[in-house]
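Comments concern the structure below.
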Amino acid sequence: MRLQTEALHVAFNEEDKRWTLQLRKNGHTATEVFDKLVLATGINKLPLMPRIDGLDAFEGEVVHSAGYKRLDERRATSVITKSLPEFANECLCRPEPFKDKTILVVGLSNSAADTATTLVGHAKQLPRFMEGTPMDHVFTHRKGVVLETIQAFAPWLANKMMRNFLTASTRKAFPELPQDWDLSTAPLPTRAPPIISEHLIPEILAGNITLVKGLKRVVGRTTIQLEDGQELEVDAILFCTGYKADFSLAGPYDPTLEQPQGWVDSVGSNSRALPKLYRNIFSLQLPHHLAFIGTIAFASPAFLVYDLASMALARIWSGQHSLPGMDEMTAQVERQHQWLTSLAAEGTVIPAWVQGAEWMAWADKAAGPGVLTRIGYGFSAWMLWMKDRQLSKVLLDGIPSPHQFRLFENGQTRIWSGARDEILRINSATSDQ
């Protein structure tokens, strides 16, 4: 591992099947050759800035949430006269420079909730607890299996159950929420991460934050027009509109160079590109020489997912597990693209989103830990239940963690002798929350 090293250029030699990398460190440039290349730049590399008519003429501050989080007040003033492309990748400012100003926050996401609430005086966000338990801890493997089973046979019922649960949880957490607030159109966690904010709803109810329709255009020096025709005077626009991937370093092997027309035309694509990757990891052009880590998203702990993805990649490239033929890999990518395009026709969706149960089943087999067969309802799962009921229950109803992938001896992966104890520790009542 090398820190403070920048990859300037990569090139693949078709003859010897090796990568030539041009690297720079401490001002010195060097060229090195590698057999395989993994791009772990993720899906949130560049700020996603929407095209807004008249934005170049806006004389107030224009900021993306990526920059709002980190830059100090002195640099914040420098962006007032900059055009959008020049500062889109910069870190801009904290709340202090916006004191006593009217701010338009564009977007409705966790970043938007965090940004809007810090602007009214909250220095940090706290995780929402429900009856002493963080909300993300209520999603267990057992509940996932039940929901996936219902989803397979009655998708409408699964969606209704999830909608009812989320609505009830929200109203329980915020009993002051007006009954006429419609929560029935919020995206489900099966297609987008939910918004979890301690302060957003209280600040809306207090009148410190006002919900308005989407930004349509800028019509004056500091005047904006909303989708419903309303015009507002604002001092700054904060874009909390998410991020997009950037695989341009891969050059002609960039998996986003070709895009399905249906995806491009859908409103939910939101100007982001679909990666053309087998299981959202392997390049279809160079599956044995080029892979991508950080391009998988679904309702699951990120570190757990990427740990499993890395294990699968290592076993496949080391020859311990085989990739299918090109026709099968291409067909899987096409199914993935068709599914995402259908979701994008209904609303915004993350390009890296996958069907969690299907992806986990593949990854568990490819990576080799053999966990899923032991925490379901099959023969191996019942054997574990009879042998170690405490562990069996925690794996089914506890907090998912990467330790489970180092738990079972099956001759395919390395185990860790402390995995069981660590799983029980993080699920104990005395564990730090």
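What follows draws every value from the coordinates through simple rules; no lab data is involved. Because the structure is a prediction, the values reported are computed rather than measured. In this analysis, Cβ positions are derived from the backbone assuming ideal geometry, glycine residues included, and neighbour counts consider all displayed protein chains.
In terms of distances greater than 28 angstrom between alpha carbons, the cross-link table entries 17/276; 244/365; 365/393 yield 244/365. The calculated FRET efficiency for the pair residue 36 and residue 100, based on their C-beta separation and a Förster distance of 41 Å, comes to about 0.15. Using the Kirkwood radius over Cα pairs, work out the Stokes-Einstein diffusion coefficient for segment 1-62 at 20 °C and 1.002 mPa s, in µm²/s as a whole number. It diffuses with D of about 140 µm²/s by this estimate. Taking a straight Cα-Cα cut-off under 19 Å and skipping sequence neighbours fewer than 8 places away in the same chain, no lysines fall within cross-link reach of residue 213.
When the Kirkwood radius is taken over all Cα pairs of segment 378-420, what Stokes-Einstein diffusion coefficient follows at 10 °C and 1.306 mPa s, in µm²/s? My calculation gives 143 µm²/s for D. Its alpha carbons considered, segment 143-191 gives a radius of gyration followed by a Dmax of 12.2, 37 Å. Protection proxy ranking for 367-373, 167-173, using the average of other Cβ atoms within 10 Å per residue and placing the highest first: 367-373, 167-173. Among 230-242, 275-287, the peptide with the highest mean count of other Cβ atoms within 10 Å heads the list, and the full ranking is 275-287, 230-242. When the Kirkwood hydrodynamic radius is evaluated over all pairs of different C-alpha atoms of segment 328-433, what value in angstrom, to one decimal, is obtained? Result for segment 328-433 stands at 16.0 Å.
Across all directions, the average projected area of the convex hull around the alpha carbons of segment 277-342 is 4.7 nm². Springs between alpha-carbon pairs under 10 angstrom, Gaussian network model over the chain: which of 355, 336, 320 fluctuates most? Maximum among the listed residues: 320. Each Cα pair under 8 Å and six or more residues apart adds its sequence gap; the mean of these over the residue count of the chain is a relative contact order of 18 percent. In the chain, a dipole from Cβ-located charges (positive for Lys and Arg, negative for Asp and Glu) runs towards its positive end, and of 317, 199, 64 it is 317 whose Cα lies farthest in that direction. The aspartates and glutamates within cross-link reach of residue 216, meaning a Cα-to-Cα straight distance under 12 Å and a gap of 8 or more places when in the same chain, are 53, 227, 228, 231.
Distance between Cα centroids, segment 173-198 to segment 287-352: provide it in whole Å. For segment 173-198 versus segment 287-352, the Cα centre distance is 29 Å. Working note: Debye formula, equal point scatterers on the alpha-carbon atoms of segment 143-295, no solvent; log10 I(q)/I(0) at q = 0.10 Å⁻¹ is -0.63. Across all directions, the shadow cast by the convex hull of segment 176-239 built on its C-alpha atoms averages 6.0 square nanometres. Along its three principal directions, the equivalent ellipsoid of the chain from the Cα gyration tensor extends over semi-axes of 38, 31, 21 Å, largest first. Per residue of the chain, the DSSP helices (runs of n ≥ 4 H) give a summed -39500 (n - 2.57) that works out to -9500 deg cm²/dmol at 222 nm.
In summary, the convex hull built on the alpha carbon positions of segment 227-287 has an orientation-averaged projected area of 6.7 nm². Listed peptides 259-266, 61-68, 198-205 appear in the order 61-68, 198-205, 259-266 once ranked by packing, highest mean of other Cβ atoms within 10 Å at the front.
Bridgeable lysines around residue 172 (alpha carbons under 19 Å apart, same-chain partners fewer than 8 residues away excluded): 160. Among beta bridges identified by DSSP and lying wholly in the chain, the antiparallel ones come to about 70 percent.
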